[in-house]
């Protein structure tokens, strides 16, 4: 088909005109109906702002509820005059060693000291005299209730001591790493405040507890006029041998001007030697520790395995 014949073909011309009209309609539709991204973005921004406002409102409400409950506990403790004892500072130090430093923590602990014996005694009385869970004599039931009350008195202190011991184990394991980091920071030329702040940030992923203690010491060093007081507070909160040695070294460095890096290097070597001696001591105690389990659990099965066949043969021969 030639170009002249194609141009005079009415069907082909109709098809081309229809295709052109369709293209024009599509272009006009795209130009007029295409979505503007700005309203969609504005919608997302508005939704995100509403979410943040709602989260902030819930946070303020929970904080307000916490303050109200804390004030209720504080008022109850003050009315009962539980905080007027001479052991308040000692309790505050024990709570700090367990990781609780707020003023509300001592209020809750003092209230638990009052509630625990009553609650434990009531549970024991209910089980023994109401439910008759144990068939005991009347005097034994009364004695059991008294023992339960005594146990309730000691329960908060035991719980706090357990938390302190677990926290001390975690701090003891992470202390050598923190001391090595402190040596590196001191050798890099950082001051004591900057070195403690950097160590607290670096060791936070592996040990949050030690990072909190070191960070608090860094803040107290810049807050207290007497820097030795801030270091002494660290040894009071963490009464470990390595921490006490570190605090004494830092106090001597602050007092006499001893080079910090050299003193920390010596202390690090001493702590590493102490860890090696502790490991050797535990290894030396291992045979004596394993003696009783071997006698109770290993030797009897061994005797059965060795002597069992011989005993069975003797029994068979005697029956024949």
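The simple Förster model, with R0 at 30 Å and r as the Cβ-Cβ distance, assigns residue 224 and residue 286 a FRET efficiency of 0.05. With neighbours defined as other Cβ atoms within 10 Å of a residue's Cβ, the residues 272, 92 order from fewest to most as 272, 92. Sorting the segments 161-172, 276-287, 210-221, 225-236 by their mean number of nearby beta carbons within 10 angstrom, highest to lowest, gives 210-221, 225-236, 161-172, 276-287.
On full extension, the segment bounded by residue 265 and residue 150 gains 36.4 nm, given 0.36 nm per residue less the C-alpha separation. Note on residue 169/residue 299: beta-carbon distance plugged into 1/(1 + (r/R0)^6) with R0 of 30 Å gives a FRET efficiency of 0.35. The distance between label points at residue 102 and residue 204 comes to 1.9 nm (points 7 Å beyond Cα on the Cα→Cβ vector). With a/c under 1.5 counting as rounded, go ahead and sort segment 145-200 into rounded, prolate or oblate using the C-alpha gyration tensor (a ≥ b ≥ c being the square roots of the eigenvalues; past the cut-off, prolate if a/b is larger than b/c, else oblate). Verdict is prolate for segment 145-200.
Rounded, prolate or oblate: which fits segment 210-320, taking a ≥ b ≥ c as square roots of the Cα gyration tensor eigenvalues, rounded meaning a/c under 1.5, else prolate when a/b beats b/c? Taking the square roots of the gyration eigenvalues as a ≥ b ≥ c, segment 210-320 is prolate. Taking the simple approach of a point 7 Å from Cα along Cα-to-Cβ for both residue 316 and residue 157, what is their distance in nm? Using points 7 Å along Cα→Cβ, the separation is 6.6 nm.
Model label points for residue 307 and residue 142, set 7 angstrom from Cα along the Cα-to-Cβ axis, are 5.3 nm apart.
Only the coordinates and a few stated rules stand behind these numbers; no lab work does. Given the structure is predicted, the values throughout are model-derived calculations rather than measurements. We place every Cβ from the backbone using ideal geometry, glycine too, and count neighbours over all the protein chains shown.
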